[in-house]
Each structure stands twice: as C-alpha cells, then as structure tokens.
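**Q** Shown below is the structure under consideration.
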Amino acid sequence: MSDGKNAEPQEFTGLRSIFWPIHSYELKKFLPMAFMMMGILFNYSVMRGLKDSLVVTNMGAEAIPTLKLWFVLPAAVLFMIAYSKLSNVFSKNGVFYAVVSFFLAYFALFAVVLYPCKDALTPDILSGVSGEFAKSILLPIQGWVFSSFYVMAELWGSAMISLMFWRFANDVTSIKQSKRFYAMFGFVANGALIVSGGVLKTVKDISAVSGIAVAICVFIIAVYYWLNNYVLTDPRFFNPDEVKKPKKKVKLSLGESLKYIATSKYLGYIALLVICYGISINLVEVMWKDQVKILCPTPAQFSGFMGGLQIWTGMATIFFMLVGANILRRCSWFTAAMMTPLMVFVTGLIFFGCIIFKDAMGPVVASCCSLTVLEVIAYVGLAQNVLAKGVKYSLFDSTKEMSYIPLDDELKSKGKAAVDVIGGRAGKSGGAAINFILLNVIFIGSKLAEIAPVIAGIFAVIMMIWFFAVRGLNVEFLKITSHKDEDKKAKAA
C-alpha cells in the first residue's frame with residue numbers, strides 16, 4: 001500500500017540519519033506500530049523464558065526435542081489450516097482479532113486454572129512403562145499442563161511476530177520506507193526484552209506472569225484498533241483510492257494455496273532461510289539449556305538465569321538495531337542478509353568447541369579465572385544466544401520481511417503463513433528431530449554432551465545450506481524489484 005500521495009521529504013543527514021531516521025509527521029504511524037511490536041516481543045520473551053524453566057526443570061532438556069517434533073509441529077500445521085480458513089472467511093482485521101483473542105483466552109486459563117491446579121491435573125501414566133522411546137513420548141503427555149504452555153508459547157512467536165505483525169507492517173509500508181522503519185521498530189520494541197528479563201528475575205508467581213501476558217494481549221488489540229481507525233485513515237499513511245476500490249479477494253483452498261506456494265522459487269528460498277535458522281538455533285540451544293540445567297537445577301534458578309538472558313539480549317539487540325538500521329540503508333540486501341548466518345556460524349562453532357574440548361579446558365580455565373568449566377560453557381552459550389538473537393532481530397527479520405514486499409497479495413498472505421508458521425516450526429522441529437533421532441535411535445542412552453561432535457558436524461552442514469539460500473534469494477529479489485522498477489518507469493513514460 002502507498003504511504004501517501006506526495007514524495008517523501010529529503011532524506012536525513014548527520015547523526016539524525018544514524019539514530020532516528022523518522023520524519024516527525026510519521027510518528028503517528030511509527031510509534032503505535034513500534035509499541036504493538038513491543039507488546040508482542042514482551043510476551044514472546046516472557047513466555048520463552050517461562051516455558052523453558054517449566055519444561056527443563058520438570059521434564060529435562062531431553063523433552064524439548066520431543067515437544068518440538070511431536071507437539072509443536074502438528075500444532076503449527078493445525079494453526080496454519082485454521083488461519084487459511086479464517087483468511088478466506090474474515091477480513092484481515094477480523095483474523096488479527098481472532099488470533100490474539102485465542103492466545104488471550106489460553107493465557108487467562110493457564111493463570112487461573114491450569115497452573116494452580118497442575119498437580120491435580122497431572123496423571124501418572126509413566127509407572128510401569130519400560131523403554132526410553134515410549135517414555136520420551138509419554139512424558140510430555142503426562143506433563144500436559146507444561147507441554148500445552150510450551151506449545152502455545154512457541155506458536156505465539158510464529159503467529160504474532162512472524163505472521164500477524166509483519167503481515168500488517170508489510171501491508172502499510174513501502175519498500176523505501178521499510179528501510180528506515182523496520183530496523184527502528186526493533187530498536188524501540190526490543191526494550192521489551194530488558195523489561196521481560198526483569199519480570200522473570202523478580203516475579204516468582206508464574207500465574208501472575210501469565211496474567212501480565214493477558215493484559216499485554218488486550219493492549220495489542222487496542223493499539224491495532226486505534227491504528228486502523230484513527231491513523232491509517234490519514235492520506236499521508238494510506239491511499240484512500242485503494243480503500244474505495246479494493247481488489248477482489250482471491251480465495252484458495254489450503255491444497256491450492258500450498259500448490260501455488262510450492263511453485264514459487266522465491267518463496268522456496270525464504271523458506272530455506274527460516275528453516276535453516278530454526279534448525280541451527282535449536283541444535284545449539286538444546287545443548288546449552290542442558291548445561292544450564294546442571295548449573296541451575298531449580299525452576300527459580302533456571303528462570304532467573306533466563307531472565308539474565310533476556311536482559312542481555314535486549315541490550316545487544318538495541319545496539320544491533322542501530323548498527324543494522326545503517327547497514328540496511330547503506331549496504332546491499334545481500335550484505336545485510338548474510339550477517340545473521342555468519343554470526344550464528346562463528347559463535348555456534350565456538351560453543352560446540354567448548355563442549356567438545358571441555359576436558360582440555362579445565363587447566364586453562366583454572367589458571368585464568370575463578371569460574372568452573374561448566375560456568376564458562378554456560379556463559380559462552382549465553383553469549384552465543386545473545387549475539388545470534390541480537391543480529392536475528394535486527395537484520396534477519398528485517399531483510400526477510402523486506403523480501404515479501406514485492407510479492408502479490410496471495411503470495412504475501414498465504415505464502416507468508418506457510419513459510420513463517422510452518423517453515424519456522426519445521427525448522428525448529430527439524431532440529432528437534434535430529435536430536436530425537438540421535439538420542440533415541442542412533443545413540444540410545446547417550447547424553448547430549450556426549451554426541452556434541454556429531455551435532456556440530458550437522459550444524460556446519462545446515463549453515464552451508466543457509467549461505468546458499470541467501471545467495472539464491474538475493475538473485476531472485478533483484479530480479480523481481482528490477483522488473484517492478486521497469487514497469488513503473490514505463491507507466492510514467
């Protein structure tokens with residue numbers, strides 16, 4: 001959609017171009033969108049830390065691959081089916097309200113009923129069960145209260161960040177404006193990570209944390225309503241001609257949509273980016289959380305450690321947002337898109353190296369500092385997570401979302417749903433499947449740290465595929481944007 005009839009004012013110079021490339025008249029549109037993203041990220045960060053502390057301390061880190069593979073992925077498929085059906089029946093606004101209300105209802109139920117009554121709601125189905133494979137499947141079913149929270153927290157990230165917010169942003173932001181807006185959205189919104197880390201460290205009542213998530217859902221709905229009814233009616237932000245004469249909505253079945261998407265080489269590359277990111281991060285995180293559990297065995301200790309992660313991630317992300325905003329404006333799309341896999345690859349190899357050579361590290365660590373080898377591994381993993389997430393939020397998300405803008409409405413809507421919701425979950429579930437097969441089929445009875453060399457090798461292969469996908473998408477992105485520029489020049493002539 002157009003951002004206005006008139007050309008944008010002259011671009012910024014000096015420090016303003018680095019730290020705040022937003023025109024004053026654009027604040028009415030920019031700030032509410034940034035605050036809406038802040039609310040979404042706050043819930044995402046709180047739920048992420050909380051779900052890990054609940055699952056790891058009650059079921060063990062080995063339960064995470066099972067949850068991602070056998071529970072999160074099917075839930076993501078069901079969500080995409082429901083989203084596709086809703087998109088064919090309701091307006092974009094109606095779909096947004098329905099999705100947020102669904103999460104609001106669950107978080108309220110968890111705060112009031114599920115968590116307070118968790119002991120009464122947990123059946124004993126593992127007694128008398130033999131076999132590691134059967135136990136790995138039945139354990140999440142027995143702890144279904146924690147498992148359901150884990151699944152909903154995972155879906156929130158894909159549904160609300162990747163799909164609902166960015167689809168809305170792509171609909172009301174031009175490519176030129178996105179180069180200034182998208183990174184700055186994260187610069188403002190990622191302050192939520194710091195706040196969420198403080199909440200995890202200080203608020204010990206899990207029901208109270210879920211109640212805060214409910215309040216944030218209400219806030220998100222209110223901001224979205226205000227934007228659509230009081231901001232986008234301004235001709236500077238929205239072309240009224242496009243409202244008066246909307247294009248006829250194309251309705252496709254789920255099968256037709258997936259077939260349409262499968263024929264798009266462009267979407268295939270985007271899907272590879274999302275899947276490779278999910279697999280690579282999952283391979284590192286599961287092993288890291290397994291080490292953190294040894295260091296922080298209780299839910300309170302684990303949640304506090306994760307709170308520290310959120311605070312450091314928030315600060316790192318704000319820094320990377322400033323850097324990323326200038327990279328997006330001053331460098332090519334390819335350069336900006338390549339930053340994330342490079343950061344994940346380098347930091348991931350350092351972390352795996354610490355795990356693999358931890359015995360040899362003992363004397364070196366003892367002579368250099370007062371930390372134990374386990375503490376060093378935990379903090380190296382923390383640094384890897386912080387740096388990877390900081391670059392991901394500032395550059396990976398921005399460049400990925402920029403690549404959707406030139407697409408037609410069908411690919412932008414249903415294609416985005418399939419890539420972000422299914423692709424994102426398939427990526428994380430792919431990493432979970434790798435860990436699940438290694439632990440329960442190939443290296444039965446082994447611990448995660450014992451198979452670190454194998455996982456590190458798989459991690460390196462995934463990274464090579466990620467680099468290939470960035471290069472391929474860059475070629476397709478340049479093709480489609482150059483064709484659109486040629487069409488505009490021809491129409492102008």
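The values are calculated or read from the model by the stated rules, or taken from the named source; none is laboratory data. Bear in mind the structure is a predicted one, so any value in this text is a computation, not a measurement. When we count neighbours, we look across all protein chains shown, and the Cβ atoms used for this are built from the backbone with ideal geometry, even at glycine.
**Q** Please count how many residues of the range 455-469 are surrounded by 14 or more Cβ atoms within 10 Å (Cβ to Cβ) and either in a loop (DSSP other than H, G, I, E, B) or of a type in the set (Val, Ile, Thr) (or both).
**A** Residues flagged as surrounded by 14 or more Cβ atoms within 10 Å (Cβ to Cβ) and either in a loop (DSSP other than H, G, I, E, B) or of a type in the set (Val, Ile, Thr) (or both) within the range 455-469 amount to 4.
**Q** Also, I was wondering about something else. Residue check, PHE352 against (1) buried (at least 19 other Cβ atoms within 10 Å of the Cβ); (2) at pLDDT below 85, all met but one. Which one?
**A** The number of the failed condition is (2).
**Q** Based on what the data block shows, is ILE206 touching a helix residue (DSSP H, G or I) at 6+ places or on another chain (Cβ under 6 Å), of a type in the set (A, V, I, L, M) and on the phi < 0 side of the Ramachandran plot?
**A** No, not satisfied.
**Q** Going through the range 408-439 one residue at a time, which ones are at pLDDT below 80 and more than 15 Å from ILE275 (Cα to Cα)?
**A** Of everything in the range 408-439, those that are at pLDDT below 80 and more than 15 Å from ILE275 (Cα to Cα) turn out to be ASP408, ASP409, GLU410, LEU411, LYS412, SER413, LYS414.
**Q** Across the range 81-94, which residue is surrounded by the most Cβ atoms within 10 Å (Cβ to Cβ) among those that are touching a residue at least 24 places away in the same chain (Cβ under 8 Å) and under 24 Å from ILE216 (Cβ atoms)?
**A** Only one residue fits best here, namely TYR83.
**Q** Anything in the range 264-288 that is touching a Leu at 6+ places or on another chain (Cβ under 9 Å) and either hydroxyl-bearing (Ser, Thr, Tyr) or under 19 Å from LEU67 (Cα atoms) (or both)? List them, or say none.
**A** Matches in the range 264-288: SER264, TYR266, TYR269, VAL286, MET287, TRP288.
**Q** Could you give every pair whose Cβ atoms fall below 9 Å, whose first residue belongs to the range 304-327 and is on the phi < 0 side of the Ramachandran plot, and whose second residue is among the hydrophobic types (A, V, I, L, M, F, W, C) and not in a helix (DSSP H, G or I), counting only separations of at least 6 or pairs across chains?
**A** GLY304/CYS296; PHE305/CYS296; MET306/CYS296
**Q** Which of the helices (runs of 4 or more DSSP H) contained wholly in the range 161-280 include at least 1 residues that are at pLDDT below 75?
**A** Because the criterion is at least 1 residues that are at pLDDT below 75, the helices (runs of 4 or more DSSP H) in the range 161-280 that meet it are 175-189, 240-244, 254-262.
**Q** For the range 162-208: of the residues being crowded, with 24+ Cβ neighbours inside 10 Å and among the small types (Gly, Ala, Ser), which is farthest from TRP312 (Cα to Cα)?
**A** Taking the candidates together, the pick is ALA183.
**Q** Filter the range 54-80 down to the residues that are crowded, with 21+ Cβ neighbours inside 10 Å and among the β-branched types (Val, Ile, Thr) and list them by number.
**A** VAL55, VAL56, ILE64, THR66, VAL72
**Q** A further question on this structure: Those residues that are part of a helix (DSSP H, G or I) and closer than 20 Å to VAL292 by Cβ, I need them from the range 439-454; list them, please.
**A** Within the range 439-454, LEU439, LEU448, ALA449, GLU450, ILE451, ALA452 meet the criteria.
**Q** Taking the range 355-381 as the search range and keeping residues that are among the charged types (D, E, K, R) and within 18 Å of ILE451 (Cα to Cα), which one is modelled with the lowest pLDDT?
**A** By that ranking, first place goes to ASP359.
**Q** Could you check, for the range 216-225, whether at least one of its residues is surrounded by fewer than 18 Cβ atoms within 10 Å (Cβ to Cβ) and among the hydroxyl-bearing types (Ser, Thr, Tyr)?
**A** yes
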